[in-house]
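Okay, structure first, notes after.
Please treat every number below as a calculation from the coordinates, not as lab data. None of the values given here were measured: they were computed from a predicted structure. Cβ atoms come from the backbone with ideal geometry, glycine included; neighbour counts cover every protein chain shown.
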Amino acid sequence: MNGAPIDVRIIVAVAALVLGCAGVAARAQPAQDDALKVLDDPGGGQVVYGTIDGKHSAQSAMALMLKTVHGHFGGRPQVSKVFQVRGSSSYGAFFTLIASTQGGKAIAGEVIVDVPPGGQPAGALLYDEADRFGKTAPALLRALGQAWQAAHPAAAPGAAAAPAGQAQPLRMQTAGDRSASIGLPEGWQLLNVSGGQVSAEGPNGEKIGLGIIVGPIRDPAGAQNPRLPPVPGAAPPITCSPRGELFDAYVCAVNQVRERNHQPPASFQLTRSRTLAAGNGQNAVEAVFDVDLHDGKGPRSGSARIGTIFTRGLPTWAMTISNSSVPKTVAAAEAATMTAIIASYSQDARVINSELQTRLGEIHAIGERSKAQAQAADERRVASARAFEAHMDNIDRQSKAMQNYTLDRSQIQDNERNGRATVSNGLADALVHADPDRYEIVPTANFLKGVDY
């Protein structure tokens, strides 16, 4: 439960520290070398960076960078409230726009300026398509740092003087089912790797987890389906409402999980949140908050990307979480390291797909025993399995299949009514046993867009 998306405060603070070396670089190299440059990142998005000529206030430097954005995209940026990075001369703001120079694409990004007293102003832009920026921001930040250091090697002494600007060396690690890997510094402990989910803890109490799925979650206001059989040995579902502010549901779910683990409830104080673009009608928010886990580490700086999973026909829902928390006593020093750790995270689709196939195979075996005399159904199942393998690169299907695997669910087809639904594995098994000619479990390869996912 302790994973995180990128904390926007961390992104701005780290970029500010990178740009904060501009004063050193400007004294060491000619001004013409410091013109704004555009950098395409191979993973998506762009970075504009460099020193800013002339004397500028923070307001005029920010205006100049936003003018650069306007000129590059041919669309006026809609800018959030400008905020200052605490204890620094750096300012940041988020923006969105419609890019007329790129066929009307929706763009999102950040503008960062550093205006040190008596020093050379510097600025940077990080931007990508609106629905991808939350994922590509860490790589864009890394590209910014690498490009700036390559262009201004003389700035290194200034950067070395700021511990918060230095990411610790990382070593790639994996464990468990080896479905994901992550880079961790010396002293960190990898706690869990399962189904693409990762959680880890640092020596100072830092906590991080990525790709976490919490569920099933019961909606207390929703009608419960009495036909759903209980899952033997399973804990009762978490009870939280998906209505209202999603951050409140996040707090509810986190504290119920903590209660199950015999931990005291955490105290949360939301600083800010913003809605993220999400497909299939699902909700997602990014939240920045203070939290006390009452573990002796004191108040923490935390952030989370919180998403929802609703499955048609089921009375329960699930929550996707990537969150992190760092004790405030070390938060500034750990900012760059936390950003680097999050950027290093990756999933191994081959392992996840293998687990999905194993689970599907177990479910299919029940149907095979029930349909020993139905050769045609056997042939369809074999064909479906082959089609599943051929379409493993389909991201939407893979996402839905992973959700089913994690939440112990199956897609089932009613051959009489020509209908489909997502049900628990227990109900799927029961229906196939009861009437194998009418019901069959749908392989992932046969999922229909708009119907099953």
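Observations on the structure shown:
- Prolate/oblate/rounded call for segment 396-435, Cα gyration tensor, a/c under 1.5 rounded: oblate
- Compared with the direct C-alpha span, the chain from LYS55 to ARG350 gains 100.8 nm at full extension, assuming 0.36 nm per residue.
- Full extension of the segment from ARG132 to LEU190, taken as 0.36 nm per residue of separation minus the current Cα-Cα distance, would add 18.1 nm.
- A simple spin-label model places pseudo-atoms 7 Å from Cα toward Cβ; at SER241 and ALA434 they are separated by 3.3 nm.
- Point-to-point label distance, ASP40-ASP414, nm (Cα→Cβ direction, 7 Å offset): 5.2
- For segment 171-347, the Kirkwood hydrodynamic radius comes to 17.3 Å, computed from all pairs of different C-alpha atoms.
- The simple Förster model, with R0 at 22 Å and r as the Cβ-Cβ distance, assigns VAL79 and SER100 a FRET efficiency of 0.80.
- This ranking places GLU334, GLU416 by how few other beta-carbon atoms lie within 10 Å of each, fewest first, which gives GLU416, GLU334.
- Taking 17 Å as the straight-line reach from the Cα of LYS67, the lysines in range (excluding those fewer than 8 positions away in the same chain) are LYS37, LYS55, LYS81.
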